[in-house]
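Comments concern the structure below.
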Amino acid sequence: MDWQLAVDSFWPLLRGALIGTIPLALVSFAFGLVLALVVALLRLSPNRVLSWIGRAYVSAIRGTPLLVQLFIIFYGLPQLGIRLEPWPSAIIAFSMNVGGYAAEVIRAAILSVPKGQWEAGWTVGMSPTRTLGRIILPQAARVSVPPLSNTFISLVKDTSLAVVILVTEMFRKAQEIAASSNEFLLIYAEAALIYWMFCTVLAAGQNAIEKRLDRYVAH
């Protein structure tokens, strides 16, 4: 193995992660959380039509591979006259995927808040919407931090799939270096190491947030 190549390629791979992988994950996760909240509220709606729409969305997203979703958006939509560049296509696909999985996390977190909290809000004259925003969601956020953090960590790894729709991120850079050097094992192992490093840091951040939130929970 060419260890000098490993040293020389480390920064290009790391740079690909910093300007490609991480921004793609952050933007997709942010949009995905907004979508997830909307879908979760649809699922909780007493209106059967709205509830069915939310349930159908979650079922469709969770029942199909992320890779297929990427292909549909980037390669399939042009047949309908909708052409998107690689980055917007990846963001849309990842956001929709996060929305489908995180929606169930948020829904479960909202349901975990005692019903008495809703009644407390109504007692002081709050509307249902204000009660949700001021009382329910802040409590649900504490419950949802661990699973949502895991979703984000998984998303960081899943961004490697964006290579199939020509998005320039770390794994695509690894492919280019490996193809030109013929050192596939070395370069892909190095890419795996960088993914592992980022996920380890994120997991440590998750634990710190959980401990901080745990201070405000009565035992």
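Within the range 108-116, is even one residue within 16 Å of the chain's Cα centre (by Cα) and aliphatic (A, V, I, L, M)? Checked against the condition, which is being within 16 Å of the chain's Cα centre (by Cα) and aliphatic (A, V, I, L, M), the range 108-116 yields no hits at all.
Among the residues of the range 149-200, which ones are under 15 Å from L26 (Cα atoms), of a type in the set (A, V, I, L, M) and without any contact (Cβ under 8 Å) to a residue 60 or more places away in the chain? The answer is I153, and nothing else. When we screen L35, L24, L14 for residues that are buried (at least 21 other Cβ atoms within 10 Å of the Cβ), touching a residue at least 24 places away in the same chain (Cβ under 8 Å), in a helix (DSSP H, G or I) and within 24 Å of the chain's Cα centre (by Cα), the only hit is L24. For the residues A103, A120, A93, A60, the requirement of being in contact (Cβ under 8 Å) with a residue 24 or more places away in the chain and under 23 Å from L213 (Cα atoms) singles out A103. Meeting the requirement of 3 or more residues that are in contact with a Gly (Cβ under 9 Å, 6 or more places away or on another chain), the helices (runs of 4 or more DSSP H) wholly within the range 116-219 are 128-131, 137-158, 170-181.
Values quoted throughout were computed directly from the atomic coordinates according to the rules given, and no laboratory measurement underlies them. The structure presented is a predicted model; accordingly, all values stated were derived computationally and were not measured. Backbone-built Cβ (ideal geometry, glycine too); neighbour counts: all protein chains shown.
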